[in-house]
Amino acid sequence: MTRTIALLLAASAALSAPALAQQTSAQPESGEQPSILDRLLDRVLGPAQQAEETAAESEGSSLIEIILAEDYRAEDRARDRYRHPEETLAFFRVEPTMTVAEIGPGGGWYSRILAPLTAYQGRYLVVNSGTGGRGLDAEQIARANAATAGFPARVEEWTGVTADRVTAFNSDEIPEGLAGTVDRILVFRAMHGLLNNGIADTEIRQWRELLAEGGMIGVVQHRAPESEVWERANGSRGYLKQSDVIALFDAHGFELVGSSEINANPGDPANWERGVWTLPPTLAGGEENRSQYLAIGESDRMTLLFRKAD
């Protein structure tokens, strides 16, 4: 068992020895759902009679590889070939010891990776758009606040990472002590929505306040051709020009660290009348040309990394 623990620590650098000892000694009560950490340890350590075999199989596996193979990701895994989570998070230089904030996680596809990756030795934050100054009525604000407050429990239900390890808040209500402490902010396919709602500038200013000195923002966004006219590349169809996204962050005091074609799809012409939602996973046209859209796959996407400038 000692050899296997050493393998896990060397591979992931994600769990301290005391944490391992505590988790391995604490067994869930009868009928209680094992935590994600218990399951990760079970996968790596295995029962005593399987320890050596499991250690051999796990040698060289990183923590994220173990998470991506978890059973609870059975449905999510179909999207891995389009979203490349391991490569994307490596490009964003995400480490398990970091404080990582995910912007508007929605259905939680990346939450089910980021929470178990960071919540034990780092910190996982969920940041939804602020409700102030948007003309929302009382009912809309209440729904937005309830969705934010309830998200940690959803993460626990999905992954077993307990709700108390997830901090969720709206961007205009930053908890005391968090400003200036965040290492990475991750924005997955959300910039068009912020622009459509007229809140991109406000939100980016809030993100900047959250970031630590030298902190970075990683952006994955549906990409329009640079030759596209503004009316078709302003976010209303889900697509944005890469140059426009870079210019937006530059205007708010961020410098481009790098760009990657990890999530590019040259098969997507990005000219759909129904916008990006024509393609999977939405398939807005229903059965119309379904096989064509499935063959193309998910949208062409830019992958950008920005650093908070002085």
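All of the numbers you see were taken from the coordinates with simple rules; none came from a lab. In this text the structure is predicted, and so the values were computed from the model without any measurement. Cβ sites come from the backbone with ideal geometry, for glycine too, and all protein chains shown count toward neighbours.
Shown here for the range 83-188: GluC sites (Glu not before Pro) in loop regions (DSSP other than H, G, I, E, B) with at most 12 other Cβ atoms within 10 Å, namely 176. Summarising the amide proton neighbourhood of residue 215: residues at separation of 5 or more, or on other chains, whose placed amide H is nearer than 5 Å comprise 308. One Cα centroid belongs to the range 200-258, the other to the range 113-179; the line between them spans 22 Å. Amide H contacts under 5 Å for residue 254: 309, restricted to partners 5 or more places along the chain or on a different chain, H placed in the peptide plane at 1.01 Å from N. Exposure proxy for 296, 204: other Cβ atoms within 10 Å of each Cβ, ordered fewest to most, give 296, 204. Taking other C-beta atoms within 10 Å as the exposure proxy, 256, 211, 68 rank 256, 68, 211 from fewest upward. Derived scalar couplings between HN and Hα for the range 101-115 equal 10, 9, 8, x, x, x, x, x, 4, 7, 4, 6, 9, 5, 4 Hz in order, rounded to whole Hz, by the Karplus curve 6.51 cos²θ - 1.76 cosθ + 1.60 (θ = phi - 60°), x for Gly and Pro. The order of 272, 207, 277, 230, going from fewest to most other C-beta atoms within 10 Å of their C-beta, is 230, 277, 272, 207. For residue 128, the residues whose amide H sits under 5 Å from its own are 104, 169, 170, 171, ignoring neighbours fewer than 5 places away on the same chain, with H placed 1.01 Å from N. Around the Cα centre of the range 137-183, unit charges on the Cβ atoms of Lys, Arg, Asp and Glu (plus for the first two, minus for the last two) sum to a dipole of about 160 debye.
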